[in-house]
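All remarks here apply to the structure that follows.
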Amino acid sequence: MGVVVPSLFNMFFAEVFDGIEEYIKHYNYSILVTCAKDDPIKEKKCMQELLSRNVCGIINISPNTYAVEASFYDQIAERVPLVFINSYVKRPGISYVSNNEAEGTRKALNHLLSLGHRDILFIRGMSSDSYEIKEEVYCQMMQEYDNKPYVLNIGEGNVEKTVDNTMDKVIMAVQSGRKITAIFACNDLMAVGAINGCHRLKMKVPDDISIVGFDNIAISRYMEPKLTTIDQNMSLLGQSAAALLLEKIESNNVANDEIILDNTLIIRDSTKNVK
């Protein structure tokens, strides 16, 4: 089996991969892993590389379907079983497993809104279906509350420099003078960077500013303050994708299915009522 991951630095993808490996260990398959580096062009090359290795099926985690022409994936889906995890665009011939990221975003934002926050900074990365889904929900909810959206794109969202890039840009955003009482980050790495930026500015989290992440990777439980975040059931995502891929392989690529998992809001120490 082939697996395409956007990054090996963000533990979210590592934990999803662990779920895939856990499921298929009971079957006679091995895994080839390629890393797309959050780059749609590199992602296409990864897919083509796996095809050249004659894999029996491919799982693509958080693909850039909005940035890659649909015909590319359609042609691959005709040749080999294909499963996407957390994909923005649905195509025929592909099976899908996803967390309801739109609903998870609503849960995170409703938590901040319930605490009285209205001036919420949204932090995203450069390219991912996941960011597009979350930003769309964020903008809708800000409009519902007659608030102007404030979106901060920090560039690559799943690499080693993500934390420091987020920190630097959060510092600039706060120093710009625009009112910010809370931050919603598209993943926990960005949330860590946001907390570091606030610390640099001598702002207390959550007394001065509340921060919510997304994913619930291990670091969210170990940092201080412990991070309020959305749990994406990472291992179950991987196991479900492996099950769908086996289903497609055993049906000669005829079966197509979709599994949608729920998200859970994990309330910890990084959020508080607005001053």
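The values are calculated or read from the model by the stated rules, or taken from the named source; none is laboratory data. Predicted, not measured: the structure shown is a model, and the values here were computed from it. Note: ideal-geometry Cβ built from the backbone for every residue, glycine included; neighbour counts use all protein chains shown. Accessible surface areas use protein heavy atoms only, side chains included; no ligands, DNA or RNA. Shrake-Rupley method; radii C 1.70, N 1.55, O 1.52, S 1.80 Å.
Per residue of region 84-96, what does 6.51 cos²θ - 1.76 cosθ + 1.60 with θ = phi - 60° give for ³J(HN,Hα)? Whole Hz please, x for Gly and Pro, Karplus curve as stated.
10, 10, 6, 9, 7, 10, 9, 10, x, x, 10, 8, 9
What aspartates and glutamates could a cross-link reach from Lys275, if we take a straight Cα to Cα line under 19 Å and drop same-chain neighbours fewer than 8 places away?
Cross-link targets: Asp119, Asp207, Asp208.
Who wins for biggest fluctuation among Glu224, Glu101, Glu144 in a Gaussian network model of the chain, springs between alpha carbons below 10 Å?
Evaluated over the chain, the most mobile residue of the options is Glu144.
Nearest 0.05, what FRET efficiency do Ile266 and Asp18 give at R0 = 22 Å with Cβ-Cβ as r?
The formula returns an efficiency of 0.70 here.
Using a 7 Å offset from the Cα along the Cα-to-Cβ direction at both Leu8 and Lys42, what is the distance between the two label points in nm, to one decimal?
So the two model labels end up 1.2 nm from each other.
Quick one: which residues, 5 or more positions from Leu152 or on another chain, have an amide H under 5 Å from its amide H? H modelled 1.01 Å from N in the peptide plane, none for Pro or chain starts.
Phe122, Ile123, Arg124
Just Ser114, Ser127, Ser98 to compare: in a GNM of the chain, with alpha carbon springs under 10 Å, which one fluctuates most?
Per the Cα network of the chain with a 10 Å cutoff, Ser114 tops the list.
Among all the lysines, which ones have a C-alpha under 20 Å from Lys90's C-alpha, if same-chain residues fewer than 8 places away are not counted?
Lys44, Lys134, Lys248
Suppose all protein chains stay in the model; what accessible area per residue would a 1.4 Å probe give for the chain, in Å²?
42
Give me the percent of accessible area attributable to carbon and sulfur for region 1-156, probe 1.4 angstrom.
47
In percent, what relative contact order does region 73-216 have, based on Cα pairs under 8 Å that are 6 or more apart in sequence?
Reported as a whole number, the value is 21 percent.
Quick one: which residues, 5 or more positions from Thr271 or on another chain, have an amide H under 5 Å from its amide H? H modelled 1.01 Å from N in the peptide plane, none for Pro or chain starts.
The answer is Ile211, Thr228.
Arrange the peptides 213-220, 154-161 so that the one whose residues have, on average, the most other Cβ atoms within 10 Å appears first.
By packing density, highest mean first, the sequence is 213-220, 154-161.
Restricting to Cα pairs below 8 Å that are 6+ residues apart, what does the relative contact order work out to for the chain? Please round to a whole percent.
24
What residues of region 85-102 lie in the reach of a label at Leu236, counting those whose backbone N is under 12 Å from a point 7 Å from the Cα along Cα→Cβ?
Only 98-100 fall inside the zone, counting backbone N under 12 Å.
Around Glu258, which amide H atoms from residues at least 5 apart in sequence, or from another chain, sit under 5 Å from its own amide H, with H modelled in the peptide plane?
So Glu258 has HN proximity to Tyr96.
Stretched out fully, how many nm does the piece from Ile31 to Val89 gain, at 0.36 nm a residue minus the Cα gap?
Between Ile31 and Val89, full extension yields an extra 18.3 nm.
Work out, step by step, the length gained on full extension between Ala255 and Cys56: first 0.36 nm times the residue separation, then minus their alpha carbon distance; give nm to one decimal.
Additional length available on full extension: 70.2 nm.
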